[in-house]
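Working notes for the structure below.
Each value in this text was obtained by applying a stated rule to the coordinates, not by laboratory testing. It should be emphasised that the depicted structure is a prediction, and the values quoted were computed from it without experimental measurement. So basically every Cβ, Gly included, is an ideal-geometry build from the backbone, and we count neighbours across all protein chains shown.
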Amino acid sequence: MNSESTSKDLLSEINQDHFRERLNKYTRKAFQMLPKLEKPRILDVGCGSGVPTIELAKLSDGEIIGIDIKQSSLDELNGKIEEEGFSSRVKTVKCSLFEMDFPDESFDIIWAEGSIWIIGFEKGLKEWRRLLKPNGFLVVHDEIKTVSNKLKKIPSYGYKLMNHFSLPEDAHWTEYYRPLEIRIKELYMKYKNNSEALKILKKHQNEIDMVKWNPKEHSSAFYIMQKS
Ligand SMILES: C[S@@+](CC[C@H](N)C(=O)[O-])C[C@H]1O[C@@H](n2cnc3c(N)ncnc32)[C@H](O)[C@@H]1O
């Protein structure tokens, strides 16, 4: 087995998305805090392999554009879009969230799970505002650190805070990383004689350990805002 196929086979065996889907209940909770919109245009910023993107397609009858810089993640998402029969209303675009050149007022909702930190909470709010239609919504899932600062600053960037909620402190650990760790341990046994595979598994285990020893550091919250 060459190293490219080891990596591909392992990634599909690990199937991180299967565990990521356990956090979809929070995506649903945030979406249900929005008023009912007819066929909303939704931009999913930093969509990755699209676990929330597909959930948004199930929750709405809207048109969704997922953007990300990683083509392999978009390829994965494109496969899911086709499988789920969403090809007519869910599309992906490879671009950086620093360079989203959509026309002003293109979207009813901007959705950003785990991606606003890349540009920074304040800069993201400031720069993405022009993309929202009047009274459009920005929903962000971000780390909980400095939450009170963030809440205070939202109005100064031209939004009204409609709602916000924290995930249970250990949600990322109990619902995602702990079950993922069990899968990684099984694969360690299976691939114990494959040094290439063991290297990849170790990388995953290192990421898991960072959360395992510090679950509270990874607490997060949803912020539901409306353009004012
Ligand atoms: C933590 S993941 C979140 C993925 C997905 N939203 C989710 O919740 O499962 C962050 C995503 O941001 C993407 N990303 C990183 N830098 C980016 C950039 N400059 N522009 C667009 N996407 C970026 C990564 O490729 C990754 O898919």
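Quick notes
- Prolate/oblate/rounded label for the range 81-178 (Cα gyration tensor, a/c 1.5): oblate
- For a label point 7 Å along the Cα-to-beta-carbon line of MET189, residues of the range 202-222 with backbone N under 20 Å: 202-206
- Where labels lie 7 Å past Cα in the beta-carbon direction, separation of ILE182 and ILE118 in nm: 3.2 nm
- For the range 76-228, the share of DSSP beta bridges that are antiparallel, to the nearest 5, is 70%.
- Placing unit charges on the Cβ atoms only, positive for Lys and Arg and negative for Asp and Glu, gives the range 162-228 a dipole magnitude near 280 debye about its Cα centre.
- For the range 99-143, GluC sites (Glu not before Pro) meeting the loop criterion (DSSP other than H, G, I, E, B) and having at most 10 other Cβ atoms within 10 Å: GLU99.
- Zone residues, the range 101-140, relative to SER228, backbone N less than 11 Å from point 7 Å out along Cα-to-Cβ: none
- If only the Cβ of Lys and Arg carry +1 and only the Cβ of Asp and Glu carry -1, the dipole of the chain around its Cα centre is close to 680 debye.
- For the range 164-228, applying the loop criterion from DSSP together with a ceiling of 13 other beta carbons within 10 Å to the trypsin sites (Lys or Arg not before Pro) yields LYS192.
- Along its three principal directions, the equivalent ellipsoid of the chain from the Cα gyration tensor extends over semi-axes of 32, 21, 15 Å, largest first.
- Förster radius 35 Å - calculated FRET efficiency between GLU217 and SER106 (Cβ-Cβ, nearest 0.05): 0.50
- Simple Cβ-charge dipole of the range 1-86, Lys/Arg +1 and Asp/Glu -1, about Cα centre, in debye nearest 20: 560 debye
- Label-point separation, SER3 to LYS152 (7 Å along Cα→Cβ), nm: 4.9 nm
- Loop sites in the range 29-134: chymotrypsin sites (Phe, Trp or Tyr not before Pro), DSSP, at most 12 other Cβ within 10 Å: PHE98
- Karplus-based coupling profile of the range 101-118, in residue order and whole Hz: 9, 6, x, 4, 6, 8, 10, 7, 9, 10, 10, 9, 9, x, 10, 5, 4, 5, with θ = phi - 60° in 6.51 cos²θ - 1.76 cosθ + 1.60 and x standing for Gly or Pro.
- Radius 11 Å from Cβ of ASP108, net charge of other residues (Lys, Arg +1; Asp, Glu -1): +1
- Pairs of Cα atoms nearer than 8 Å and 6+ residues apart set the relative contact order; for the chain it is 22 percent.
- ARG130-GLN205 FRET efficiency (beta carbon distance; Förster radius 35 Å; 0.05 resolution): 0.25
- Rg and Dmax of the range 33-98, Cα atoms only, in Å: 11.3, 34
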